[in-house]
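A short worksheet on the structure shown next.
Nothing in this text is a laboratory measurement; each read-out follows from the coordinates by a stated rule. It should be emphasised that the depicted structure is a prediction, and the values quoted were computed from it without experimental measurement. Here the Cβ is made from the backbone with ideal geometry for all residues, glycine too, and neighbour counts use every protein chain on show.
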Amino acid sequence: MCAEQKNRSLRLCASWSYESTKMTRIVSFSGSGLDLGALHCAMLVAFSDYIVPLQPDADTFKAALSSRGFDPEASFVAVDDDEVIGFWNVATRNTKRYLIGSGTRIGHRGRGLASRLGMAAIRAAENAGIENFWLEVIEGNTGAERLYRKMGFGVTRKLDCYRLDHPSPDRSSCELSDFGTVANVIQRYSTWKPSWQNATESLYGAQLTPFLHGKGGVIIGAGGLVHQIAASEPSALEDLLAAAATVGSLTLVNVDSADNALCSLVQKLGAHRFIVQSEMCLSLPNVS
């Protein structure tokens with residue numbers, strides 16, 4: 001290729017890149033004119049090659065957004081020809097915001113969309129007087145963690161996820177109780193705060209099975225998901241896990257890795273740790 005042809009090709013590439021960027025709108029989801037169906041479709045494509053492929057149906061997707069407090073004004077999408085090609089789905093709770101999930105369609109990666117979406121969401125949070133922005137990133141997703149660090153997020157703790165087929169389910173030492181009572185007992189004994197999706201505010205209205213023990217409690221959701229568990233001593237924790245297992249196989253998502261008693265117990269019972277996550281936080285200046 002001669003120098004003139006090469007320069008012409010470079011100009012065409014630069015022009016295409018500029019036009020492509022120009023056509024892509026970064027807007028709040030509330031201002032995009034699109035519905036949750038478009039967001040769901042983008043999520044399925046973006047997560048099809050994820051470390052843990054997530055392919056929820058439309059109802060499950062909407063329920064997950066709702067329970068976490070999805071905020072359309074705080075969430076941002078990249079839109080090309082009325083198609084969502086990237087997204088930052090964000091929740092708001094008082095003066096905190098949380099990244100429910102983010103992604104970019106496979107064919108549109110490498111254009112800096114994730115960075116643009118993130119910065120738009122952070123600027124909106126600052127303008128709204130938000131104090132902290134929270135997220136989680138799976139260990140091994142180095143590209144995402146590098147981007148979050150560049151934006152100013154720092155790791156606050158490590159979170160472990162386990163699957164457990166309990167060898168001896170037994171609810172004889174526990175009793176079914178109401179959500180509020182068990183949540184208060186867990187709060188009394190817990191040494192760490194549950195992550196956003198397991199927080200009490202995220203569980204209202206969900207299908208739950210709360211077990212009460214004389215020295216603790218456990219709240220189990222649909223599919224054996226252990227949202228919260230705490231007790232005053234390891235033997236009570238063991239009783240609670242045995243009771244929880246009467247609903248079936250258990251999944252413990254986002255256990256604080258510093259909770260040696262719980263982590264050691266589930267591993268002793270044969271649990272498989274399938275994910276480790278880093279919880280990250282960005283403290284924001286109030287510019288409202």
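Things to note:
- Note on the range 11-130: Cα-Cα pairs beyond 19 Å make up 46% of the total pair count.
- The charge dipole of the range 160-278, taken about the Cα centre with unit charges on the Cβ atoms of Lys, Arg (+1) and Asp, Glu (-1), comes to about 120 debye, rounded to the nearest 20.
- In the chain, a dipole from Cβ-located charges (positive for Lys and Arg, negative for Asp and Glu) runs towards its positive end, and of Leu176, Thr251, Ala124 it is Ala124 whose Cα lies farthest in that direction.
- Potential lengthening of the chain between Ala58 and Leu176 amounts to 39.3 nm, from the contour at 0.36 nm per residue minus the alpha-carbon distance.
- Binning the C-alpha pair distances of the chain at 5 Å intervals from 0 yields a P(r) profile of 1, 5, 11, 14, 16, 14, 12, 9, 7, 4, 2, 2, 1, 1, 1, 0, 0 %, listed from the shortest bin outward.
- Alpha carbon Rg of the range 130-196, scaled by the compact-globule rule 2.2 N^0.38 Å: 1.64
- Extreme residue, positive dipole direction of the chain, given options Leu208, His166, Phe61 (C-beta unit charges): Phe61
- Restricting the calculation to alpha carbons of the range 91-174 gives Rg and Dmax of 17.8, 57 angstrom.
- Average Cα contact separation per residue, the chain, under 8 Å, 6 or more apart, as relative contact order %: 20 percent
- Dipole magnitude of the chain about its Cα centre (Cβ charges: Lys, Arg +1; Asp, Glu -1), debye to nearest 20: 1040 debye
- Dividing the C-alpha radius of gyration of the range 160-278 by 2.2 N^0.38 Å, with N its residue count, gives 0.93.
- Here the alpha carbons of the range 79-135 define both size measures, Rg and Dmax, at 12.3, 36 Å.
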